[in-house]
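Worksheet: one structure, shown below.
The values are calculated or read from the model by the stated rules, or taken from the named source; none is laboratory data. Bear in mind that the values here come from a model prediction, so they are computed numbers and not experimental data. Cβ atoms come from the backbone with ideal geometry, glycine included; neighbour counts cover every protein chain shown. Side chains included, ligands, DNA and RNA excluded: accessible areas come from the protein's heavy atoms. Shrake-Rupley method; radii C 1.70, N 1.55, O 1.52, S 1.80 Å.
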Amino acid sequence: MLALALFGAASTAQAADSPASALEAFKSSHQSVVGLVHDKASSEKIEAEVDALLDYQWIARAALGGERRYAKKCDPRCPEYEALLAQLIRENYLKRIRQADSGTVEYLGEEVRKDKAKVDTRVTFEKDGEKQTLEISYVMHWVTGEDGKGQWVARNIITDGVSLSKTYRYEFGKILRDEGIDGLISRLQTKLADIAKAD
Amino acid sequence: MLRASSLCVLLGAGLLSPVVDAAPPPVAAPSAPEDTPTPRRASAFDAVADGRLDPYGRRPADVSRLGLDQIVRYALENPAVKSADEQVTAMRAQLRKAQFAWVPVIETSATLSPGVNIRCDDVNLDDGSGDGFDFQYCRSRDDNSFDVNTIDGYFAQLADAGVRFEFRADMVIPITTFGKIRNTRKLAEVGVALKELEKGQVEQETVLRVQQAYAALLLARDTVGILREAKGIVDKAQRRIEAEVGGGDDDWDADPSEGDSLRDPDDLIKVKLAAIELEQLMRQALNVESYALSALWALAGDAAPPGFDVKASKLRPMAIEGGLQRPADYKQMAVARRPEARMASAAVKAREFQEKLARSNFLPDLGIAVQTGIARSNAVDQDMSQLYYQDGFNWTRFSAALAMRWRWDFHFKTFDLQTARANTRAAMRQEEAAALLLGLDVQQAYGDLVEAKHLVDTYDEAVDLSWRLVVSGQQKDSVGGGNATELLRNLEKWYKRRFDYAQAIFSYNDALARLSRAVGTQLGRETGPTAP
């Protein structure tokens, strides 16, 4: 259910010459994903929608300290690390979204700072017969592609005040300090194997 | 009354923060939003008393500040003590009454009423011997036209009856009461002594309460001080962590390359939780402080400056006059000086005098009964010179006689004596029991005092050692080592030891106050800069 809220907004990002509303972009993506899931579309199609929304590379590099630092920490296995993390996020999302069936999402508003925006949502669902809510914010950046077209992409998710980006950065930093990039990649591989086994 | 246990609960839950660079306490509350109904809504760390009569929060600068001795002096003038003093005065009046019981009481009565009209004539009756004999003929004014001894006759002559006046005075001058007056006086003397001891009891109880409230107030103040230091360190830690992991909820657009990747984001949550806990503890500490201060105001009474504060700013162990003695010495002191012990002895004496009084009640009272009186009726002939007339209208009398009064209700007196004897024996047993209980009081207070002294010394060392852990943690933190959990844990230890130390001093002073109360004399003396 949480994953539904976190990653359930995949869609083809809005292409435009100037930044459109991040809220509208996110809402459009989310409804598109919900429609695909409802229509039992193929995994490839859903993945494509999600990949267009989530900036895996940016998330992976931010988890290692950002563009200026990450290369020192993951070299020479940076591409491998980024691919594994992207796969892990995607797998987690797909696993969760297929389990989700009764959640509702409210769009509370957005806060814009230059080319960044925070879209606030509230996810309501039932767990063990009790109604529960989660406040989830999506940190979206307006990025311009090589073709000169811009779009909103999600680069961080803040769940009830807990930043995914900060948590990744601390945890990965701790693993890198103790086990190095090999240890981190090994852990990501193990986790992906666990998910595959569970499926 | 504040108890030590309540303060243990107050701070026992855990103080989570370091102390090194405690922020200076704020001097005034921040301006509250307009919709804030009371200052209590603001942070407890910024609470300021709403005037000198509000005990909650930082005290105004212009209030009077009193030492313990001054507060005790005011408290000894409070209504409870004055009431006890007035009871002594009342009992002294009873004693004076008993002392003057030998003075005869003169009972007088006087009447003024309508009289009768009687006139008399001298009559010489010739009996044939030539000498005859004199006779006096008395009758109503109208020559016996009516009889004054009948109701009709009395009222018939009332218009001419004139006025009758009569005065009588009686008294008994005691010769001996066989001990009744003396025993009553002795009983009253013991009564005065008992009331004076009761007053002493009230005074000592008042002093004990003042000392306990005073110590509780200073303990609360120490706690407030500790919490302020803790808040300063938590705030500092929060600022540092925010700089390292970002400012929390409002830094969602922060650059991920900034900050320390080895700083756990949860550290920020931990210090924020610590700040909330400190806020709650601070409110509790301020409540305890306000209760203790209110108690001091109530004990000091209206004579004390309104809304006064205490001079001392820190809780210190009180000094013992002459050093700590042996328990046996304090027990002897208690028997000799404690009001309750002396009251028990006085009660035995009172019962003994009551028994003697019950014995003397079997015997009569002897005295000289003196009576005097005069009666005059202006319409009655006063020249009733013949012996065979009983003049009930105009007379003057004086008599003195040896008199005795003796009630022969010996069966009741026997029961009264049995009761008095039993009461005497009961009082003796109570005196013995009081001696034992006083000894127990002394022993308990003495034991608590010795234990608290040990704790004071122990925690003093513990504070020192736990502080070293804090310094060590900060040193590690300054070079990127350590973590918030370890730092907060060490700080918690240090603050707990600091509070334990303050609590031990409070327990020590409380035990000393109770020992003083148990032995009936003040043993403690305030120490430190504010001591007299």
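Is there any pair linking a residue in region B:448-470 that is farther than 18 Å from B:Met318 by Cβ to one that is of a type in the set (A, V, I, L, M, F, W, C), with Cβ under 6 Å and at least six apart or on different chains, and which?
B:Ser466/B:Trp494; B:Trp467/B:Trp494; B:Val470/B:Leu491; B:Val470/B:Trp494
How many residues does region A:34-73 hold that are away from every other protein chain (no Cβ under 13 Å) and part of a helix (DSSP H, G or I)?
Taking region A:34-73 as the starting set, the residues that turn out to be away from every other protein chain (no Cβ under 13 Å) are A:34-54, A:56.
When the remaining residues are screened for being part of a helix (DSSP H, G or I), the result is A:34-38, A:43-53, A:56.
Qualifying residue count for the region: 17.
Looking at (1) in contact with a Pro (Cβ under 8 Å, 6 or more places away or on another chain); (2) open to solvent by 80 Å² or more (accessible area, probe 1.4 Å), find the lone condition where B:Asp131 falls short.
Unmet for B:Asp131, out of (1) in contact with a Pro (Cβ under 8 Å, 6 or more places away or on another chain); (2) open to solvent by 80 Å² or more (accessible area, probe 1.4 Å): (1).
Could you check B:Gln382 against (1) open to solvent by 60 Å² or more (accessible area, probe 1.4 Å); (2) assigned to a strand (DSSP E or B); (3) under 30 Å from B:Asn117 (Cβ atoms) and say which number it fails?
(2)
So, B:Val192, is that one assigned to a helix (DSSP H, G or I), hydrophobic (A, V, I, L, M, F, W, C) and either under 27 Å from B:Lys356 (Cβ atoms) or out of contact with any strand residue (DSSP E or B) (no Cβ under 9 Å at 6 or more places or on another chain) (or both) or not?
yes
Take region B:52-73 and flag every residue that is under 16 Å from B:Ala216 (Cα atoms) and either part of a loop (DSSP other than H, G, I, E, B) or without any contact (Cβ under 8 Å) to a residue 12 or more places away in the chain (or both).
B:Pro55, B:Tyr56, B:Gly57, B:Gly67
List the strands (runs of 3 or more DSSP E) inside region A:98-199, counting only whole elements, that have at least 1 residues being at pLDDT below 85, loosely packed, with under 14 Cβ neighbours inside 10 Å and not small (Gly, Ala, Ser).
Working: elements: A:104-113, A:116-127, A:130-144, A:150-159.
Those strands (runs of 3 or more DSSP E) span A:104-113, A:116-127, A:130-144.
Which of the numbered conditions does B:Ile175 fail, given that it passes all the others? Conditions: (1) open to solvent by 60 Å² or more (accessible area, probe 1.4 Å); (2) within 21 Å of B:Met404 (Cβ to Cβ); (3) modelled with pLDDT of 95 or more.
Of (1) open to solvent by 60 Å² or more (accessible area, probe 1.4 Å); (2) within 21 Å of B:Met404 (Cβ to Cβ); (3) modelled with pLDDT of 95 or more, only one is false for B:Ile175: (3).
Name every residue in region B:223-244 that is under 15 Å from B:Met282 (Cβ atoms) and open to solvent by less than 20 Å² (accessible area, probe 1.4 Å), in order of residue number.
As a first pass, look at region B:223-244 and keep what is under 15 Å from B:Met282 (Cβ atoms): B:223-235.
Of everything in region B:223-244, those that are under 15 Å from B:Met282 (Cβ atoms) and open to solvent by less than 20 Å² (accessible area, probe 1.4 Å) turn out to be B:Thr223, B:Val224, B:Ile226, B:Leu227, B:Ala230, B:Gly232, B:Ile233, B:Val234.
Under 8 Å between Cβ atoms, at least 6 apart or on separate chains: pull out the pairs that start in region A:162-181 with a residue that is within 7 Å of chain B (Cβ to nearest Cβ) and end on any residue that is small (Gly, Ala, Ser) and part of a helix (DSSP H, G or I).
Partner pairs satisfying both residue conditions: A:Ser165/A:Ala62; A:Ser165/A:Ala63; A:Arg169/A:Ala62; A:Arg169/A:Ala63.
Residues of region B:309-330 being assigned to a helix (DSSP H, G or I) and buried (at least 21 other Cβ atoms within 10 Å of the Cβ), which ones? Don't jump to the end; show me each part of the working.
Our first condition is that a residue be assigned to a helix (DSSP H, G or I); within region B:309-330, this holds for B:327-330.
Across region B:309-330, the qualifying residue is only B:Tyr330.
From the list B:Ala61, B:Ala80, which residue is within 36 Å of the chain's Cα centre (by Cα), open to solvent by 90 Å² or more (accessible area, probe 1.4 Å) and among the aliphatic types (A, V, I, L, M)?
Details: B:Ala80 fails: open to solvent by 90 Å² or more (accessible area, probe 1.4 Å).
Criteria check complete, one pass: B:Ala61.
Given the criterion open to solvent by 70 Å² or more (accessible area, probe 1.4 Å) and either farther than 30 Å from B:Ala328 by Cβ or part of a helix (DSSP H, G or I) (or both), identify the matching residue among B:Thr424, B:Thr396, B:Thr372.
Values: B:Thr424 fails: open to solvent by 70 Å² or more (accessible area, probe 1.4 Å); B:Thr372 fails: open to solvent by 70 Å² or more (accessible area, probe 1.4 Å).
Of B:Thr424, B:Thr396, B:Thr372, the one residue that is open to solvent by 70 Å² or more (accessible area, probe 1.4 Å) and either farther than 30 Å from B:Ala328 by Cβ or part of a helix (DSSP H, G or I) (or both) is B:Thr396.
Among residues belonging to region B:245-257 that are part of a helix (DSSP H, G or I) and open to solvent by less than 70 Å² (accessible area, probe 1.4 Å), point out the one that is nearest to the other protein chains (Cβ to nearest Cβ).
Taking region B:245-257 first, the residues part of a helix (DSSP H, G or I) are B:245, B:248-250.
Going one step further and asking which of them are open to solvent by less than 70 Å² (accessible area, probe 1.4 Å), we end up with B:245, B:248.
Working: B:Val245: 6, B:Gly248: 7 Å.
Applying the filter and picking the extreme gives B:Val245.
Return a yes/no flag: does region B:291-305 have any residue that is touching a Leu at 6+ places or on another chain (Cβ under 7 Å) and modelled with pLDDT under 90.
No, region B:291-305 contains no residue that is touching a Leu at 6+ places or on another chain (Cβ under 7 Å) and modelled with pLDDT under 90.
Counting only residues that are in contact (Cβ under 8 Å) with a residue 40 or more places away in the chain and of a type in the set (D, E, K, R), how many does region A:61-75 have? Outline the logic, then answer.
Step one: filter region A:61-75 for residues in contact (Cβ under 8 Å) with a residue 40 or more places away in the chain, giving A:62-65, A:73-75.
With of a type in the set (D, E, K, R) added as a condition, the list becomes A:73, A:75.
Final tally of qualifying residues: 2.
Hey, among B:Leu268, B:Leu219, which residue is within 30 Å of A:His141 (Cα to Cα) and open to solvent by less than 20 Å² (accessible area, probe 1.4 Å)? Lay out the reasoning, then the answer.
Details: B:Leu219 fails: within 30 Å of A:His141 (Cα to Cα).
None of the others qualify; the one that does is B:Leu268.
Quickly run through region B:178-198 and pick out the residues that are out of contact with any Leu (no Cβ under 8 Å at 6 or more places or on another chain) and either open to solvent by less than 50 Å² (accessible area, probe 1.4 Å) or under 20 Å from B:Lys311 (Cα atoms) (or both). Walk me through how you get there before you give the answer.
If we filter region B:178-198 for residues that are out of contact with any Leu (no Cβ under 8 Å at 6 or more places or on another chain), which is where we start, we get B:181-182, B:186, B:190, B:193-198.
Scanning region B:178-198 gives B:Ile181, B:Val190, B:Ala193, B:Leu194, B:Leu197.
Being within 11 Å of chain B (Cβ to nearest Cβ), on the phi > 0 side of the Ramachandran plot and free of Cβ contacts under 8 Å to residues at least 24 places away in the same chain: is that true of A:Lys114 here? Steps first, please.
Working: within 11 Å of chain B (Cβ to nearest Cβ): yes; on the phi > 0 side of the Ramachandran plot: yes; free of Cβ contacts under 8 Å to residues at least 24 places away in the same chain: yes.
Answer is yes for this residue.
From (1) part of a helix (DSSP H, G or I); (2) open to solvent by 40 Å² or more (accessible area, probe 1.4 Å); (3) touching a residue at least 60 places away in the same chain (Cβ under 8 Å); (4) in contact with a helix residue (DSSP H, G or I) (Cβ under 7 Å, 6 or more places away or on another chain), pick out the condition that doesn't hold for B:Asp260.
So the condition that B:Asp260 fails would be (1).
Can you tell me which condition B:Glu198 does not meet? The list is (1) in contact with a Lys or Arg (Cβ under 8 Å, 6 or more places away or on another chain); (2) assigned by TED's automatic domain parsing to the domain that holds B:Arg517, and all the others hold.
Among (1) in contact with a Lys or Arg (Cβ under 8 Å, 6 or more places away or on another chain); (2) assigned by TED's automatic domain parsing to the domain that holds B:Arg517, B:Glu198 violates only (1).
Can you report the number of residues in region B:115-140 which are touching a residue at least 40 places away in the same chain (Cβ under 8 Å) and of a type in the set (Lys, Arg)?
The qualifying residues number 1.
Against the condition open to solvent by 50 Å² or more (accessible area, probe 1.4 Å), assigned by TED's automatic domain parsing to the domain that holds B:Val245 and under 15 Å from B:Ala49 (Cα atoms), how does B:Arg283 come out, does it pass? So that I can check it myself, show each step before the final result.
Numbers: open to solvent by 50 Å² or more (accessible area, probe 1.4 Å): yes; assigned by TED's automatic domain parsing to the domain that holds B:Val245: yes; under 15 Å from B:Ala49 (Cα atoms): yes.
For B:Arg283, the condition - open to solvent by 50 Å² or more (accessible area, probe 1.4 Å), assigned by TED's automatic domain parsing to the domain that holds B:Val245 and under 15 Å from B:Ala49 (Cα atoms) - is met.
Could you look through region B:292-308, keep only residues that are assigned to a loop (DSSP other than H, G, I, E, B) and open to solvent by 10 Å² or more (accessible area, probe 1.4 Å), and pick out the one that is nearest to B:Val81 (Cα to Cα)?
Restricting attention to region B:292-308, the residues satisfying the condition of being assigned to a loop (DSSP other than H, G, I, E, B) are B:301-308.
With open to solvent by 10 Å² or more (accessible area, probe 1.4 Å) added as a condition, the list becomes B:301-303, B:305-306.
Values: B:Gly301: 11, B:Asp302: 13, B:Ala303: 13, B:Pro305: 18, B:Pro306: 19 Å.
Checking each candidate, the answer is B:Gly301.
Kindly evaluate B:Ile226 against the criterion of being more than 14 Å from chain A (Cβ to nearest Cβ), at pLDDT below 85 and not in a loop (DSSP other than H, G, I, E, B). Even if it seems obvious, please write down each step before you answer.
Working: more than 14 Å from chain A (Cβ to nearest Cβ): yes; at pLDDT below 85: no; not in a loop (DSSP other than H, G, I, E, B): yes.
For B:Ile226, the condition - more than 14 Å from chain A (Cβ to nearest Cβ), at pLDDT below 85 and not in a loop (DSSP other than H, G, I, E, B) - is not met.
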